[in-house]
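The values are calculated or read from the model by the stated rules, or taken from the named source; none is laboratory data. Since the structure is predicted, the reported quantities are computational estimates derived from the model, not experimental observations. Every residue, glycine as well, gets a Cβ built from its backbone with ideal geometry; the counts of neighbours run over all protein chains shown.
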Amino acid sequence: MERVSQGDAQAFQQLVDSGIDRVLAVARRTLGDEAEAEDIAQEVFLRLWRQADRWEGGRAQVSTWLYRVTVNACIDRLRQRKEETGGEVPEMTTEATQQQTMEEEDLRDTMDAALQGLPERQRLALVLFHYENMTMSAVAETMDASVEAVESLLARGRRALKSSLRSEWKALLPDVPE
């Protein structure tokens, strides 16, 4: 970050290369839209470049800062969507890559749809903890919440996902016992 703050484009490119996949993954899963996830990633790294001179080493890792800025940008985008749609969030779909099989695509779409149905803080906690493999304390720091609050968000989110997915599977396979 020190080199980036001095205008070192190569150091900045290294930070982008090392963080872009995770920033995109968080944004994609949070927003459910590839184009918006790419917009968020650009916004996050542009902010990193512009604010590099304000970086305080030792306060947080760059990766934690990237997550935090990504989460905040996603929350802002979700709020903007709600305002634009009068509180109704349209159904989101994600693009599947050509390498994925149809089964993987269906499973991912089902899970993404279930995630989109969760309140934003539950969704963020689940994405950061389960998909990004962050520790409970790192999730708490990123979300500016206590560890206990994150535990509660995860528990409620898991219950809601389980219920949603159970309903989905019952609709598809009504003869399968619970």
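Just a few scattered comments:
- Number of positions in region 24-54 that are of a type outside the set (Gly, Ala, Ser), within 20 Å of Arg81 (Cα to Cα) and in a helix (DSSP H, G or I): 14
- Extreme residue, surrounded by the fewest Cβ atoms within 10 Å (Cβ to Cβ), among residues of region 116-156 that are hydrophobic (A, V, I, L, M, F, W, C) and part of a loop (DSSP other than H, G, I, E, B): Ala145
- When region 1-49 is filtered for residues that are closer than 26 Å to Val127 by Cβ, loosely packed, with under 14 Cβ neighbours inside 10 Å and among the charged types (D, E, K, R), the ones remaining, listed by number, are Asp17, Asp21.
- Residue check, Arg159 surrounded by fewer than 19 Cβ atoms within 10 Å (Cβ to Cβ), of a type outside the set (Gly, Ala, Ser) and at pLDDT 90 or above: yes
- Counted residues, region 45-96 - those being of a type in the set (A, V, I, L, M) and at pLDDT below 80: 4
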